[in-house]
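Structure first, then comments.
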Amino acid sequence: MNLEGKTALVTGASRGIGRAIALELAKKGADVLLNYNGSVDRAREVKAEIERLGKNAQLYQCDVADYSACETMFRDIFAEHSGLDILVNNAGITRDGLLMRMSEEAFDSVIDTNLKGTFHCMRFAARQMMKQRSGRIINLSSIVGVAGNAGQTNYAASKAGVIGLTKAAAKELASRKITVNAVAPGFIETDMTARLPEKIREQTLLQIPAGSFGKAEDVAHAVVFLASEEAGYITGQVLHVDGGMAM
């Protein structure tokens, strides 16, 4: 899977799964544009790691939930680069809570970042990809968007929405040689899962046929495959990286 000469944008690339995806794309030869919203220091660290791999990296600060900010980010990207070959919509947040106690703000903030943020980036990237008549869009969904999870009605709704968005866009863009797919991770070892109480971790492990949490690199490998030429005839699909939870 050779991505030499390709330019990729990864949202939420400063930590966790986004960082792993950005590094794996660079290892396969792509130049990587790194979107972040919070910590510029972490984003700079990822940039430095990519440059040590001999590839170009560039930082773009933007809250993907903000339509106007996304429009500005993509305008800057297309002013500075000849095109965009790969878009990975990874940026996401959680605001967990039981349905009866969840505030409207907690629900809206998760939908705005996880679902609308994915839409914003797809919308602005697709116009350029249509001109190129080529492109790869990979959206990060979740096992929670497929199976649900108590205490995460907002997150489950956002990630289920990403699947629907992926399938509809795949049908719209296929004739222009643009593929749109989703990756649905299960429970992956990240800062988020590290904060889970030990009892919850033990209960979760019992639901995973593989018997362990996944690694961020497991998700990154799936994303790189979908970004490659080898996956050129795959579109509108959801690739589960969950140790068998969704079987």
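A few remarks follow.
- Extension gain for the segment Arg123 to Glu45, taken as residue separation times 0.36 nm less the Cα-Cα distance, is 25.2 nm to one decimal.
- Cross-link pairs beyond the 31 Å C-alpha cut-off, checked among Lys28/Lys199; Lys28/Lys131; Lys27/Lys199; Lys47/Lys171; Lys55/Lys215: Lys28/Lys199; Lys27/Lys199; Lys47/Lys171
- Against the chain, whose longest principal axis is taken from its Cα atoms, helix 117-132 shows a tilt of about 30°.
- Expected 222 nm ellipticity per residue - DSSP helices of 4 or more, -39500 (n - 2.57), all of the chain, to 500: -14000 deg cm²/dmol
- Loop-located trypsin sites (Lys or Arg not before Pro) across segment 166-247 with a Cβ neighbour count of 10 or fewer within 10 Å are Arg195, with loop assigned by DSSP.
- For Ser68 and Lys27, the FRET efficiency from 1/(1 + (r/R0)^6), where r spans their Cβ atoms and R0 equals 41 Å, is about 0.75.
- Electrostatic tally near Gly97: other residues with Cβ closer than 14 Å to its Cβ, Lys and Arg +1, Asp and Glu -1, net -2.
- One decimal place: the segment Leu99-Arg176 gains 23.6 nm when fully extended, by the rule 0.36 nm per residue minus the C-alpha distance.
- Summarising the amide proton neighbourhood of Leu9: residues at separation of 5 or more, or on other chains, whose placed amide H is nearer than 5 Å comprise Leu33, Ile86, Leu87, Val88.
- In this rough spin-label picture, where each label sits 7 Å from Cα along the Cβ direction, the Ile200-Arg75 distance is 4.1 nm.
- Sites matching trypsin sites (Lys or Arg not before Pro) across segment 61-142 that sit in DSSP coil, with at most 13 neighbouring C-beta atoms within 10 Å: Arg133
- 3J(HN,Hα) couplings calculated from phi for segment 34-42 with the Karplus curve 6.51 cos²θ - 1.76 cosθ + 1.60 (θ = phi - 60°) are, in sequence order, 10, 8, 8, 10, x, 7, 5, 5, 5 Hz; Gly and Pro show x.
- Once the GluC sites (Glu not before Pro) in DSSP loops with at most 16 neighbouring Cβ atoms within 10 Å are cut out of the chain, the longest remaining piece is 5-188.
- Proximal lysines to Lys116, defined as alpha-carbon separation beneath 16 angstrom and excluding residues fewer than eight positions away on the same chain: Lys159, Lys167
- Close amide H pairs (under 5 Å, H built 1.01 Å from N) link Asn56 with Val32, residues at least 5 positions away or on another chain.
- Label zone at Tyr233 (point 7 Å along Cα-to-Cβ), backbone N below 20 Å, segment 134-153: 134-137
Bear in mind that the values in this text are calculations on the coordinates, not laboratory data. Values in this document were obtained by computation on a predicted structure and should not be read as measured data. Ideal geometry is used to build each Cβ from the backbone, glycine not excepted, and the neighbour counts take in all protein chains shown.
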